[in-house]
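Input: a single structure, listed below in structure tokens.
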Amino acid sequence: MLALRASAQYDGREIDLSVVTAADDGIGDGGGGGGIANGEELIRFANAVLGHDEAELAAARTAIAGTLGGAALADTVGVVSLFNAIVRVADSTGIPVEEQRAADSADFRAAIGVDDFAAAGEKGSG
């Protein structure tokens, strides 16, 4: 998310990363996506990957392929899959967040509620 925030600042765009953890992500009402290009489709896909509705996952894949193309769908699937794997490895080994990275990300972690997740309280206690 640091890279996404930095690229948006570089381009002078306003983005709202709270859509990542929002219960009402605005998907389907034209207001979702957090100001990220094709954000609605990407958030829909991420939600579908984490869900249990095979039809919704297929529809989300179709939406990305239809809007962004097949190569972008492959990239999206790769990013989601790698992110899931990397986070699971880091969490299971108890790798702490580096102090500088924690300081750099404190504002948006608080804004989207990441620090409220159960695992966040466990970091550094082991």
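The values are calculated or read from the model by the stated rules, or taken from the named source; none is laboratory data. These figures come from a predicted structure and were not determined experimentally. No Cβ is skipped: glycine too gets one built from the backbone with ideal geometry, and neighbour counts run over all protein chains shown.
Here are the numbers:
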| item | result |
| --- | --- |
| Residue selected from segment 100-126 under the condition polar (S, T, N, Q) and at pLDDT 80 or above, by the criterion nearest to the chain's Cα centre (by Cα) | 105 |
| Checklist (1) more than 19 Å from residue 108 (Cα to Cα); (2) of a type outside the set (A, V, I, L, M, F, W, C); (3) at pLDDT below 80 applied to residue 47, failing item | (3) |
| Enumerated helices (runs of 4 or more DSSP H) restricted to segment 35-126, each holding at least 1 residues that are charged (D, E, K, R) and more than 25 Å from residue 16 (Cβ to Cβ) | 54-68, 70-93, 99-112, 118-122 |
| Residue 79 closer than 27 Å to residue 37 by Cβ, surrounded by 14 or more Cβ atoms within 10 Å (Cβ to Cβ), within 17 Å of the chain's Cα centre (by Cα) and β-branched (Val, Ile, Thr) | no |
